[in-house]
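Report on one structure; see the data block that follows.
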Amino acid sequence: MIEIKEAEPFEIEEIMKMEYKCFHPEVREKKELFLERMSVFPEGFIVLKESDRYAGYMTSELWEYRKERS
């Protein structure tokens, strides 16, 4: 069964395993940054699980949006 859900802090070690496996050391994110993103914008940090195995994650940042004046 495939499950797509908001990531939770207790899943950070599994997320970091994927981060370290998939990204070059120069572009890897730090665990503390991911935990901050989860805290600030939980809807923007998603994990994909297949049965009991973590298969992927997606993270985004919440940026302030200001409408330009005409």
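How much solvent-accessible surface does residue 60 expose, in Å² to the nearest 10, with a 1.4 Å probe and all protein chains in place?
40
Scaled to the compact-protein estimate 2.2 N^0.38 Å, what is the alpha-carbon radius of gyration of the chain, rounded to two decimal places?
1.28
To test your reading of the geometry: what angle, between 0 and 90 degrees and rounded to tens, separates the Cα axis of helix 31-40 from the longest principal axis of the chain?
Computed tilt is about 60 degrees.
Straight distance only, please: which lysines reach the Cα of residue 5 with their own Cα at less than 20 Å, same-chain residues fewer than 8 apart left out?
The reachable lysines, counting only those whose Cα sits under 20 Å from residue 5, are 17, 31, 49.
Helix 12-22: angle to the longest alpha-carbon principal axis of the chain, degrees 0 to 90, nearest 10?
That works out to roughly 90 degrees.
How much of the accessible area of the chain, probe 1.4 Å, is carbon plus sulfur, in whole percent?
53
The values are calculated or read from the model by the stated rules, or taken from the named source; none is laboratory data. Since this is a predicted model, take the numbers as computed values, not measurements. SASA here: full protein model, heavy atoms, side chains in, ligands and nucleic acids out. Shrake-Rupley method; radii C 1.70, N 1.55, O 1.52, S 1.80 Å.
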